[in-house]
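Trainee: Can you keep this structure in mind? I'll have questions shortly.
The values are calculated or read from the model by the stated rules, or taken from the named source; none is laboratory data. Owing to the predicted nature of the structure, the values given are computational and were not obtained by experimental measurement. FYI the Cβ positions are ideal-geometry reconstructions off the backbone, even for glycines, and counts take in every protein chain you see. To get the accessible areas, we keep the full protein, side chains included, count just its heavy atoms, and leave off ligands, DNA and RNA. Shrake-Rupley method; radii C 1.70, N 1.55, O 1.52, S 1.80 Å.
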Amino acid sequence: MRQEVQEFCNKHKWVEGIYEFLKAWSSQKLEDLRGSPINNYVNLVIQLKKWQERVSNMSVELLTKGKLLFLSGHDVQEELGSKLNNMRKNILEQAQNECWSRNQQLMTELTEFLRVFQTISSDIHAIAQCSQKLSEANEQYCQLEERVEYVRSLHDLIRNHCALFIAENETLDIALLDLWEAFQFERSQVSEFLLSKQHAIVPRLQQLMAAALAELEGLLAKALSGPFMDPSQEQRSTEQQLGALEHQFLNILNNFNALCNAYCTFTGTEHHHLCFYPGRTLHLR
């Protein structure tokens, strides 16, 4: 009888591994899965599924010879099956929430790129904004592509392992893919358009930059001369006027920097942060 019991226990020794795994599992480990390589999700979900099937099919009763001893593992089987099922359910729920959140964020970013790309016109300021956005798109392209692939992998995980696959997942997956393809197409179209206009745009940008620069220097000179340097002037009035000048200065500076970014995009040059000195404020190389 003792040998029979020992053999029965040895046959189910693999259950200890599952117990240890479940014991070590925590909400923090679930949270750590967020944003991890997609295989971490996939491998864990598959492993849990295998354990569920093995636990479900395990022999749970032993009646020794002579019917001297009866052992039952039904409670153990039920407990393990329940814990494995809940754990797998929680992981897939998190994967779905992460999928939806990342999907929405990506679509928002791609939509903003498309909005700028699709509203390009002959207006130099619109062209400057578009060229700046194109520069951002080019810099972020590899990262965006990785993020799209990650989200689509989450969709695949949910599609392949959720018993109740939600139709909205499929809709979101298709919408993201369509938006990504539209982004790639519009990015290419805008790049070609800006390249074709480069010969006319660069001189115009130089003119606008020079005009904005003159305005900035004029405002700076104004703030450092006249009544603003006279201590006898009423302080509150002087501060209000300086505040208005500062607001005007910053608006022109933002426009100037956008023009600089566009110029650098078209010419392939790098620009330094602006430093304002009397008579010399811009360095481009």
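Trainee: Per residue, how much accessible surface does the stretch 114-154 expose to a 1.4 Å probe? Answer in Å², no decimals.
Mentor: 51
Trainee: Would you mind getting me the FRET efficiency between ASN97 and TRP14? Use the beta-carbon distance for r and R0 = 30 Å, nearest 0.05.
Mentor: The calculated FRET efficiency here is 0.40.
Trainee: Evaluate the distance, in nm, between pseudo-label points positioned 7 Å from the Cα of GLN233 and of SER121 along their respective Cα→Cβ axes.
Mentor: 3.9
Trainee: State the dimensionless ratio Rg/Rh of the stretch 106-152 (Rg: radius of gyration of Cα atoms; Rh: Kirkwood radius).
Mentor: 1.06
Trainee: Oh, and also: With a 10 Å radius around each residue's Cβ, average the other Cβ atoms per peptide and rank 128-134, 254-260, highest first.
Mentor: 128-134, 254-260
Trainee: Hey, with R₀ at 35 Å, roughly what FRET efficiency would ASN57 and ALA182 work out to, going by the Cβ-Cβ distance, to 0.05?
Mentor: 0.10
Trainee: How many nm separate the modelled label positions at SER191 and ASP156, each set 7 Å beyond the Cα in the direction of the Cβ?
Mentor: In this crude spin-label approximation the distance works out to 2.5 nm.
Trainee: Once Rh for the stretch 201-259 is found with the Kirkwood sum over Cα pairs, what is the Stokes-Einstein diffusion coefficient at 4 °C and 1.567 mPa s, in µm²/s?
Mentor: 103
Trainee: Taking the Kirkwood radius as the inverse of the mean 1/r across Cα pairs, report the Rg/Rh of the stretch 159-222.
Mentor: Radius of gyration over Kirkwood radius for the stretch 159-222 works out to 1.45.
Trainee: Can you give the direction-averaged projected area of the convex hull of the alpha-carbon atoms in the stretch 90-230, in nm²?
Mentor: In nm², the orientation-averaged hull projection of the stretch 90-230 is 13.2.
Trainee: At 7 Å along Cα-to-Cβ for each site, give me the label-to-label distance between THR269 and GLU78 in nm.
Mentor: 7.9
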